[in-house]
Amino acid sequence: MVRLRGSHIGTPLNPEEVEEAKIRDFVRKLASMGYHMTPGALRLALRLRDARTLAELLQTRGDLPPVIDERVLKELLEQRERLRATEARPAQMQSVEFVTSKPKESDRSVVIEVSPKIAIRKGTPDEFVEYFQDRFLRLFELMKKKFPNGILTPSQLRLKGERGAHVVVAGLVAEKNSTRRGFVIVLEDLNDSVRIYIPREAGDLYRQAENVLLDEMVAISGEIVDRRGSLRADGIFQPDVPRNFTPNRSNSRAKVVLISDVHVGSSYFIEDLWKKFAQWLRSEEARDVKYLLICGDLVDGVGIYPGQEDELLIRDIYQQYEEAARLLSMLPKDLRIVYIPGNHEPVRQAEPQPPVPEKFLKPLTQVLDHFWVGGNPSVVNIEGVRFLLYHGRSLNTIFKYVPGLQPPTGRTVVRAMTHLVMARHLAPVYGEHPIAPEPKDWLVIEEVPEVVHMGHVHVFGVGAYKNVRLINSGTFQAETPYIKKMGIAATPGIYPIVSLHDLSVRPLNLIEEAS
């Protein structure tokens, strides 16, 4: 399913060049996981000519910042002798357990039902094949439920299909090409592929084909037109949400407020807005708000993008979390808080992301009595209502490839989220942002949630699709140069509140209330 380029065979290398090649290979593996080395760190690694050091670096990657500089590498070197003395076997890729903070008292009103279990991977072709096989198999099972009368894979079509027969075939989109006469889409399974033609004169079907994305699971119905099993399409389908989906509701009158993209530590963080938010949560109007879900980018992080240091008020990641603890301590003590990471947190950039490590969270756990952390994505059950939390980095890709969604607005972000829910996958297009080849594809939306909560694009948007509430929670950060460059009009000061008893959503507009 995954076609990767092989390496070229050249002149034999001397031992020094072999060691340097090993180091560069480790650097490439780090990059594939979303981590990058500064030029200074790379020069230091090459001077050491010690590939084992970088092997240890990969083993501890769950605690690493996204950008690895000389300081981080030197700290690792200082620990190396102690690590070697205590290890009973050579360095190798092992599973890492990430500590998940728990509330200080027994509390079953919040249950993190799904959070990624991260396995250390080498980034080999076989691991990527395993990842895509898992994606195919689980999405195909979802597609089969949509077609109870039967559906074929490309391999089955090749064996059973007869010219002129009308069939439905499903697979991952391996290719999508626009020609003078229309689209050619290639679907593949674990062993074979099939070519499908969608003519320009097909009208609505052709426009639907424009929205089909690479690597997502689709089923296409049509007539077999040749001996190879090629189809002329007459229908395109995604795994989608069942028509009869009935969301759960709570019997209580409790409410949940959703936020993301706070960006504590950034010079663009609007502290006055946070103070108004905290003041509102302590008001009589907010007496039913019992839960707060933070969908990533609580802090601005360090070394996330070139030149970020010029936009930081707090340049130390630990101090950013200390400031975040101070801000969260302004909120009511009985508020139950759930927190997942985004692309600015001190975890790997590659998705799925583990929970933020405990060493960063100590200031928060010291001041918060009811605090849960999960990975990105996570499914959180609150009084029987399931919230799918995903920071939303793949939204950039949906805006890029689905026609008519630019620029991102409250309306178009809901349309982008709808596409992901219909695809039953949070990041269907592979290669647009880092995705780790885990044995299980944690980005598949296996069970339909009541609420899907995302952030990342700094735009408030609320909608619904087949009884699923779709919410993007905006930001506490003023427009940054990057956001302006993206053509996004950020909407700080507007935050969604979900009522658990009927799943209604109302906006809390702190800008209007202050005026």
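The values are calculated or read from the model by the stated rules, or taken from the named source; none is laboratory data. This one's a predicted model, so the numbers in the text were calculated from it and none came from an experiment. Note: ideal-geometry Cβ built from the backbone for every residue, glycine included; neighbour counts use all protein chains shown. We work out accessible area using only protein heavy atoms, side chains counted, and drop any ligands, DNA or RNA first. Shrake-Rupley method; radii C 1.70, N 1.55, O 1.52, S 1.80 Å.
Structure notes:
- Counting only residues at least eight positions apart within a chain, or on another chain, the lysines with an alpha carbon under 18 Å from that of Lys144 are Lys160.
- Where only C-alpha atoms are counted, convex hull volume of segment 218-269 per residue in Å³: 213 Å³
- Applying a threshold of 29 Å to the alpha-carbon distances of Lys440/Lys466; Lys362/Lys466; Lys333/Lys466; Lys74/Lys359; Lys74/Lys484 flags Lys362/Lys466; Lys333/Lys466; Lys74/Lys484 as lying beyond it.
- Residue-wise HN-Hα coupling along segment 372-383, computed from phi with Karplus coefficients 6.51, -1.76, 1.60 (Hz; x: Gly, Pro): 10, 10, x, x, 10, x, 9, 10, 10, 9, 10, 6
- Using the average count of surrounding beta-carbon atoms within 10 Å as a protection proxy, the listed peptides 249-257, 263-271 rank, highest first, as 263-271, 249-257.
- For the peptides 429-436, 376-383, 349-356, the ranking by packing is 349-356, 376-383, 429-436, with the highest mean count of neighbouring Cβ atoms within 10 Å listed first.
- Shape of segment 357-445, Cα gyration tensor, a/c cut at 1.5: prolate
- Computed 3J(HN,Hα) for segment 224-234, one whole-Hz value per residue from the Karplus formula 6.51 cos²θ - 1.76 cosθ + 1.60 where θ = phi - 60°, is 6, 10, 8, 5, 6, x, 4, 10, 9, 6, 9, glycine and proline marked x.
- Rough spin-label spacing in nm, given labels placed 7 Å along Cα→Cβ, for Asp334 and Tyr482: 3.9 nm
- When only alpha carbons are used to place a centre, segment 390-465 and segment 199-247 end up 20 Å from one another.
- When the square roots of the Cα gyration tensor eigenvalues are ordered a ≥ b ≥ c, the ratio a/c for segment 176-297 is 1.5 or more and a/b exceeds b/c, which makes its shape prolate.
- Among 384-393, 411-420, 144-153, 299-308, the peptide with the highest mean count of other Cβ atoms within 10 Å heads the list, and the full ranking is 384-393, 411-420, 299-308, 144-153.
- Based on Cα contacts under 8 Å between residues 6+ apart, segment 276-334 shows a relative contact order of 43 percent.
- Segment 341-455, accessible area per residue, ligands and nucleic acids excluded (1.4 Å, Å²): 24 Å²
- Three-way shape call for segment 279-422 based on the alpha-carbon gyration tensor, with the a/c threshold at 1.5: oblate
- Within the shell defined by Cβ-Cβ distances under 15 Å, the residues around Gly461 carry a net charge of +3, with Lys and Arg each +1 and Asp and Glu each -1.
- If the chain linking Thr38 and Asn244 were pulled fully straight, counting 0.36 nm for each residue of separation and taking away their Cα-Cα distance, it would gain 69.0 nm.
- Rounded to 5, the percent of DSSP beta bridges in segment 397-515 classed as antiparallel: 75 percent
- Think of segment 144-262 as a dipole: +1 on every Lys or Arg Cβ, -1 on every Asp or Glu Cβ, centred on the Cα centre; then among Ser230, Ser178, Leu152, Leu152 lies furthest on the positive end.
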